[in-house]
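Worksheet for the structure shown next.
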Amino acid sequence: DFFVTSVQTFVTSVVKKRITNKLILVLLIIYKANIVLSQETKVSETIISIAEELASDEADPEAVGMYIEKLYDLFENPVSLNSANEDEISRLFFLSDFQVKVLADYVNTTGKIVSVYELQNLPGFDRETAMMMSLFINLKDIIKSETHSPRLNNTLITNITYKTNDSDSSWQGSPLRVLSKYRFTANGFSGGITAEKDPGEKLLTGKYNSPDMLSAHLTYNGKGIIRRIIIGDYSARFGQGTNINTGIRNTLSLHSPGYMAARNEIRPYTSSDENNFFRGAGAEIAIRSFSLSMFYSANNIDASAEEPESVKSFYTSGLHNTTASLKKKDLLTDINYGINVSYNYKNFRAGAIWSQERLSLPVKSVPGDPQKLYSFSGDGNSLYSVYYNSMAGRVLLFGELSVNESLKHAVIQGFTLRPSDRLSINLLYRNYEKGYISLHGNGPGSTSSSGYGKSLMGNFTFEAFKYIFISAGCGIREYPWLRYRVSSPSYDIRKEIRLRYSPSDKFLAESAYYYHLSTTDDKKENSIPGLEELTLRSFLTAFRYTLYDNLTFGTRFYFKAADETGNKGFAMVQDLNYAFSQIPVSLWMRFGVFNTDNWDTRIYIYENDLLYSYSIPALYGTGSKNYLMISWRLKDKAEMRFKYGITTRKDGKDSDLTTEEFRFQIRIFI
């Protein structure tokens, strides 16, 4: 009996201990997962907010996708602020050159930054900017990147999207959109693979039986003379981007406190645009104040053939879901190579770029179309550029000059002035001469590779009272030649004023007014078309308030009006974000209604979405747009997200047209 009793006591003790340990382990997992999930919920909201700010003047959804992707990269590999290295700090691409230099100078002269709250007292910064930066920085003394950890880290993420009423009988494959990304890092090396299938495309296609879009890269990051070597697919940007910029654009927002820093970089390409990237090899070398970048690329891109020996136009949508679109896939070999040299001394940086492009088939000119008189034609393009930026006290000057073989030029010149810590003033002049073309360039204010014309933009940001910020801007652009729907020289004017009140991280109120005047051909018949002005006015009022650390509400009102036609548009959305306190689950919910008279008064509203993804629906007509997204994460091993959205729109026949959208994502960490 004694033996039996002893065994029972021992077993009971062991079982209780194991149960207790397991319970403690489960609670720790849930607690840690809640911390991570709550942080990622905040990150998701912040990234959407930043992307919306940066892309407010963008018409290209791919640009928004780049912003979101780069912000997630910053979150996973934060910037070492106390390194005092301008190249490292400028990875915070939403900061202006002025802010980057202020941070570097402050660390060099004062010492390391101890707290994020220290940032709000620096010239050109405020509490809101400091809190935004806190998600993407660390305050350690040296640059510590995940790529220099000896441990092998693997990440796999897969997104699947399906929309009802989104199919076509001519499609070659299923209506699913599938995107997968794999990435690994270890001891200075990193690599990745991106694969994508658009709706209507086959999952596996071509002679190699592979996904329609397949991209891969291998990267070495060093701290000595060799800073970076990339083999495979990559993007590049130098100077202000008028020569080479296949990465993120230097956005010119009318209300931003400054223009984004122009950072030289060759970085891995992980987006899903199927044409605007380089495929080959690139390297960055640095010796003291000098840096040298070299690149070579031979990439197959899409095009429309006019004849067997020439190309009619470039095909940039990336869709290959019909017989006709499949004929355009990889029709043209695009070869690019070049070199960039820069010198950095204290508050002055200067550089020079040379790039050469060669096409396997010439692009045919269109002599009978005056609108395309200055469009690209031929089989090659050479560009030469010089650029600089310099800061003296509270004034920052920057500029770039690029010319091609025909001596057609592109000029960028701007300055930022901070007469006081509460006031920032910016001005930028841009002039793309007719005939200047960069197929892989995107300078400030450029919306296309052939966006010639002159523009002048200015803005200011002023902290009128504590926590109250007023920003305003105006941009004027002249088009000296014909363009779409305009058969004479024309112009474009944009204005904006914004008021923001943010007394704490838990409350934000803002109101904005936008004005856009554009010109187009008038509709008079049997006469030479004259210019007709079209004016759009938009109003936005938004509130975001956090009742508890895990519960946030957001409310937005939009109004849009076209003066000449009298058409109007209205939208209202209510958001709720909630992170459960006992389980690692988070919810994003939205209820929205809209009513617009036509497509001209459509309203774009950003949505929370899957990681490394974005959703910017154009709402028009009368209807509602609602969604629910759920995220579940187990410790730091895996995360799953599911999003269900439903859009209901009146079709004008007293019936509703309903579109449902299903999105699923799984992310695994090994």
Worksheet item: When residues of region 262-311 are filtered for being of a type outside the set (Gly, Ala, Ser) and in contact with a Pro (Cβ under 9 Å, 6 or more places away or on another chain), how many remain?
Response: 2
Fill in: Residue tally, condition closer than 23 Å to LYS568 by Cβ and in contact (Cβ under 8 Å) with a residue 40 or more places away in the chain, over region 615-640
4
Worksheet entry | Leading residue by the ranking (farthest from ARG91 (Cα to Cα)) among those in region 273-288 that are open to solvent by 10 Å² or more (accessible area, probe 1.4 Å) and in contact with a Lys or Arg (Cβ under 9 Å, 6 or more places away or on another chain) | GLU274
Worksheet item: Could you list, in sequence order, the residues of region 367-384 that are at pLDDT below 95, part of a strand (DSSP E or B) and open to solvent by 60 Å² or more (accessible area, probe 1.4 Å)?
Response: ASP379
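Right, ASN608: in contact (Cβ under 8 Å) with a residue 12 or more places away in the chain, closer than 28 Å to TYR501 by Cβ and not in a strand (DSSP E or B) or not?
Working: in contact (Cβ under 8 Å) with a residue 12 or more places away in the chain: yes; closer than 28 Å to TYR501 by Cβ: yes; not in a strand (DSSP E or B): yes.
So ASN608 passes the test.
Restricting to region 403-426, name every residue that is part of a strand (DSSP E or B), modelled with pLDDT of 90 or more and either among the basic types (Lys, Arg) or out of contact with any Leu (no Cβ under 6 Å at 6 or more places or on another chain) (or both).
From region 403-426, those part of a strand (DSSP E or B) are 403-404, 409-420, 423-426; that's our starting set.
When the remaining residues are screened for being modelled with pLDDT of 90 or more, the result is 403-404, 409-413.
Residues satisfying the conditions are VAL403, HIS409, ALA410, ILE412, GLN413.
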Fill in: Pairs where the first residue, in region 179-192, is in contact (Cβ under 8 Å) with a residue 12 or more places away in the chain and open to solvent by less than 30 Å² (accessible area, probe 1.4 Å) and the second is among the small types (Gly, Ala, Ser) and assigned to a loop (DSSP other than H, G, I, E, B), C-beta under 6 Å, 6+ apart
none
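Please determine whether any residue of region 63-77 is modelled with pLDDT of 85 or more and under 20 Å from TYR614 (Cβ atoms). So that I can check it myself, show each step before the final result.
First, the residues of region 63-77 that are modelled with pLDDT of 85 or more: none.
The answer is no, given that none of the residues of region 63-77 is modelled with pLDDT of 85 or more and under 20 Å from TYR614 (Cβ atoms).
Can you tell which of ASP97, ASP87 is open to solvent by less than 50 Å² (accessible area, probe 1.4 Å) and in contact with a strand residue (DSSP E or B) (Cβ under 9 Å, 6 or more places away or on another chain)? Let's see the steps before the verdict.
Values: ASP87 fails: open to solvent by less than 50 Å² (accessible area, probe 1.4 Å).
After ruling out the rest, the residue left standing is ASP97.
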Practice prompt. Could you tell me whether any residue of region 294-308 is among the polar types (S, T, N, Q), at pLDDT 90 or above, open to solvent by 40 Å² or more (accessible area, probe 1.4 Å) and in a strand (DSSP E or B)?
Written response: yes
Item to complete: Return yes or no: is PHE664 within 26 Å of GLN574 (Cβ to Cβ) and either in contact (Cβ under 8 Å) with a residue 60 or more places away in the chain or touching a His at 6+ places or on another chain (Cβ under 8 Å) (or both)?
Response: yes
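Can you pull out every residue in region 553-564 that is open to solvent by 30 Å² or more (accessible area, probe 1.4 Å) and either polar (S, T, N, Q) or within 18 Å of ARG498 (Cα to Cα) (or both)?
Of the residues in region 553-564, the ones open to solvent by 30 Å² or more (accessible area, probe 1.4 Å) are 553, 556-557, 559-560, 563-564.
Residues satisfying the conditions are ARG556, PHE557, PHE559, LYS560.
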Discussion item. Any residue at all in region 366-380 that's within 20 Å of TRP481 (Cα to Cα) and aliphatic (A, V, I, L, M)?
Written reply: yes
Practice prompt. Could you please find all residues in region 338-361 being open to solvent by less than 40 Å² (accessible area, probe 1.4 Å) and either among the polar types (S, T, N, Q) or in contact with a His (Cβ under 9 Å, 6 or more places away or on another chain) (or both)?
Written response: ASN340, SER342, SER355, GLN356, GLU357
Fill in: Of residues in region 313-342 being assigned to a strand (DSSP E or B) and touching a Lys or Arg at 6+ places or on another chain (Cβ under 7 Å), the one farthest from SER438 (Cα to Cα)
SER342
Worksheet item: Do we find that ASP105 is open to solvent by 40 Å² or more (accessible area, probe 1.4 Å), modelled with pLDDT of 80 or more, of a type in the set (Asp, Glu) and farther than 25 Å from MET640 by Cβ in this structure?
Response: yes
Practice prompt. Sort out which residues of region 597-629 are open to solvent by less than 60 Å² (accessible area, probe 1.4 Å), closer than 22 Å to LEU156 by Cβ and of a type in the set (Phe, Trp, Tyr), and write them in order of number.
Written response: TYR612
Worksheet item: What single numbered condition from (1) under 17 Å from the mean Cα position of the chain (by Cα); (2) surrounded by fewer than 23 Cβ atoms within 10 Å (Cβ to Cβ); (3) modelled with pLDDT of 90 or more fails to hold for THR251?
Response: (3)
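For region 630-670: of the residues being among the basic types (Lys, Arg) and open to solvent by 70 Å² or more (accessible area, probe 1.4 Å), which is modelled with the lowest pLDDT?
Initial filter on region 630-670 (among the basic types (Lys, Arg)): 633, 635, 637, 641, 643, 649-650, 653, 663, 667.
Subsequent filtering for residues that are open to solvent by 70 Å² or more (accessible area, probe 1.4 Å) retains 635, 637, 650, 653.
Values: LYS635: 75, LYS637: 82, LYS650: 84, LYS653: 66.
Filtering first and then ranking leaves LYS653.
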Item to complete: Take GLY188 and decide whether it is under 22 Å from MET294 (Cβ atoms) and in contact with a helix residue (DSSP H, G or I) (Cβ under 7 Å, 6 or more places away or on another chain).
Response: yes
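Consider LYS364 carefully, then state whether it is modelled with pLDDT under 90, among the charged types (D, E, K, R), open to solvent by 60 Å² or more (accessible area, probe 1.4 Å) and within 19 Å of ILE301 (Cβ to Cβ).
On the way: modelled with pLDDT under 90: yes; among the charged types (D, E, K, R): yes; open to solvent by 60 Å² or more (accessible area, probe 1.4 Å): yes; within 19 Å of ILE301 (Cβ to Cβ): yes.
Yes.
Let's see how each residue does on (1) in a strand (DSSP E or B); (2) farther than 23 Å from ILE666 by Cβ; (3) touching a strand residue (DSSP E or B) at 6+ places or on another chain (Cβ under 7 Å):
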residue: LEU587; (1), (2), (3): yes, no, yes
residue: VAL593; (1), (2), (3): yes, yes, yes
residue: SER613; (1), (2), (3): no, no, yes
residue: GLY623; (1), (2), (3): yes, yes, yes
residue: MET629; (1), (2), (3): yes, no, yes
residue: TRP632; (1), (2), (3): yes, no, yes
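Would you check which residues across region 260-289 are among the aromatic types (Phe, Trp, Tyr) and in a loop (DSSP other than H, G, I, E, B) and list them?
The first filter runs over region 260-289 and keeps only residues among the aromatic types (Phe, Trp, Tyr), leaving 269, 277-278.
Residues satisfying the conditions are TYR269, PHE277.
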Worksheet item: Hey, among the residues in region 385-395 that are at pLDDT 85 or above and buried (at least 16 other Cβ atoms within 10 Å of the Cβ), which one's farthest from SER406 (Cα to Cα)?
Response: SER390
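The values are calculated or read from the model by the stated rules, or taken from the named source; none is laboratory data. Source: prediction; values computed, not measured. We place every Cβ from the backbone using ideal geometry, glycine too, and count neighbours over all the protein chains shown. Only protein heavy atoms, including side chains, enter the accessible area calculation; ligands, DNA and RNA are left aside. Shrake-Rupley method; radii C 1.70, N 1.55, O 1.52, S 1.80 Å.
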